[in-house]
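One structure below.
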Amino acid sequence: MSQVKRYYVEKKPAYAIPAKELAQEIKDYLAIEDVTSVRELIRYDVENVSEETLEKAKVTVFSEPPVDDIYEGDFPREEGDKVFSVEYLPGQFDQRADSAEQCVQLLNESEEPVIRSATTYVLSGQISEKDFDRIKSYCINPVDSRETDETLPETLIVEYEDPEDVRIFSNFTDLDKENLKKLYDSLGLAMTFKDFRHIQKYYKKEEGRDPSMTEIRVLDTYWSDHCRHTTFLTTVDRITFDDPVIERTYRDYLAEREKLGRTKPVNLMDMATLAVRCLKKEGKLDGLDESEEINACTVKITVERDGKKEPWLLLFKNETH
């Protein structure tokens, strides 16, 4: 029951829309004309599931017989086809595998399945190694995914060692500038050394203790450009244009700034919000709810619920956390 089984699920040709779309993107975006066909298969590695439950799961959980073909162990391919598979990085949530585990448990609640999934791509045609690498780079987002080999693992169960105690930076608040800089260099932080010294002063004066590794890493994350919008607020003092349409748009922006009497430095945030400032001055944003939040727009609206009208705030928030 603990043996790992592998299944490949492929949409039948009439329903293989994602594969056809990828083939078109390879031609349109990558300008690779040598790819004659693309196949996309979902790979499931399954452990801790009985044969009886697997037989049910093959046609109810992993595939839909009217639209899918399912292969056990391996799948048919033409000689010369190029194949690669993509899986999530360790720690990334694999929603497809998680859903499959839950559905298999519905078939037999006494079993505790372990499932991993990957996406396998099959490319046909006279494709050079250089173009093959370009296609892989296009399909693999290194932020959350990686290429995986075709070897069937002996087990899917991962044994994790107990983590060590969180490191405390002893004497952090008393380090001189030279030793603080050595520590800063060893951590590979996104913040500047000036920021790091500011944190040292904070912990010495406000906290009266040394920080932990976790605290420094969390602070470093929230010191990032995205969270502080430093790029958007950076002064733009010189711009060149290749597109005359964009240049005219920028000139219009400068003209509207002058009308509004804006004296603050030009930056991307000002460019993004100037149109709203213009509408507000023209009296067209009576419902705007103003706040100190710089990445959100809130509008006052009235919503009718159960026959009663209630004042609501409609929030448009630009966040990607």
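The values are calculated or read from the model by the stated rules, or taken from the named source; none is laboratory data. Quick caveat: nothing in here was measured; it's all calculated off a predicted structure. Here the Cβ is made from the backbone with ideal geometry for all residues, glycine too, and neighbour counts use every protein chain on show. Remember, those area values only see protein heavy atoms, side chains included, never the ligands or the DNA or RNA. Shrake-Rupley method; radii C 1.70, N 1.55, O 1.52, S 1.80 Å.
Compute the angle between helix 268-281 and the longest alpha-carbon principal axis of the chain, please, reported from 0 to 90 degrees and rounded to the nearest 10.
The angle comes out at about 60 degrees.
Ignoring ligands and nucleic acids, what accessible area does Ser110 show with a 1.4 Å probe (Å², nearest 10)?
Approximately 100 Å² for this residue.
After finding the eigenvalues of the alpha carbon gyration tensor for the range 24-127, what semi-axes result from the square roots of 5 times each, listed largest first in whole Å? Write down the numbers at each step before the final one.
Working: eigenvalues 195, 48, 26 Å².
With the √(5λ) rule applied to the range 24-127, the semi-axes are 31, 16, 11 Å.
Using heavy-atom solvent-accessible surface (probe 1.4 Å) with all chains present, what is the largest-first order of Asp306, Asp289, Asp28, Asp45?
Numbers: Asp306 150, Asp289 50, Asp28 95, Asp45 10 Å².
These residues rank, largest area first, as Asp306, Asp28, Asp289, Asp45.
Suppose a student asked you for the relative contact order of the chain, using Cα pairs under 8 Å spaced at least 6 residues apart; what percent would you report?
On the way: 374 pairs, mean separation 44.6, N = 321.
Reported as a whole number, the value is 14 percent.
On C-alpha positions alone, give me the angle between the axis of helix 95-107 and the longest principal axis of the chain, in degrees, nearest 10.
Approximately 50 degrees, to the nearest 10.
Which sequence of Thr214, Thr240 reflects their accessible areas, 1.4 Å probe, from the largest down? Walk me through the intermediate numbers first.
Numbers: Thr214 75, Thr240 115 Å².
Of Thr214, Thr240, the descending order of accessible area is Thr240, Thr214.
Could you list, in their original order, any pairs among Lys205/Lys264; Lys182/Lys205; Lys20/Lys58 whose Cα atoms are separated by more than 27 Å?
Result: Lys205/Lys264 exceed 27 Å.
Which percent of the accessible area of the range 206-285 is formed by carbon and sulfur heavy atoms (probe 1.4 angstrom)?
Values: 3130 of 5740 Å².
Here carbon and sulfur together make up 54 percent of the probe-accessible area.
Quick one: how many Å² of Thr173 are accessible to a 1.4 Å probe, rounded to 10?
20 Å²
Given the whole protein assembly as supplied and a 1.4 Å probe, what does the accessible area of Tyr184 come to in Å², nearest 10?
In the full protein context, Tyr184 sits at about 40 Å².
For the full complex of protein chains and a 1.4 angstrom probe, list Leu313, Leu123, Leu254 by accessible area with the highest value first.
Leu313, Leu254, Leu123
Give me the angle, in degrees from 0 to 90, between the Cα long axis of helix 17-28 and the longest principal axis of the Cα atoms of the chain, rounded to the nearest 10.
60 degrees
For the chain, what does the accessible surface come to per residue with a 1.4 Å probe? Please give it in Å². Each step should come with its number before you reach the end.
Values: 21850 Å² over 321 residues.
Using a 1.4 Å probe on heavy atoms only, each residue of the chain averages 68 Å².
Report the normalised scattering of the range 66-203 as log10 I(q)/I(0) at q = 0.09, 0.13, 0.22 Å⁻¹, calculated by the Debye formula with identical scatterers on the alpha carbons.
The Debye formula, applied to the Cα set alone, gives -0.57, -0.85, -1.41.
Local charge sum around Arg77 (other residues, Cβ-Cβ under 12 Å, Lys/Arg +1, Asp/Glu -1)? List each step's numbers first, then the result.
On the way: positive: Arg39, Lys82; negative: Glu10, Asp74, Glu78, Glu79, Asp81, Glu150.
Around Arg77, the charge tally is -4.
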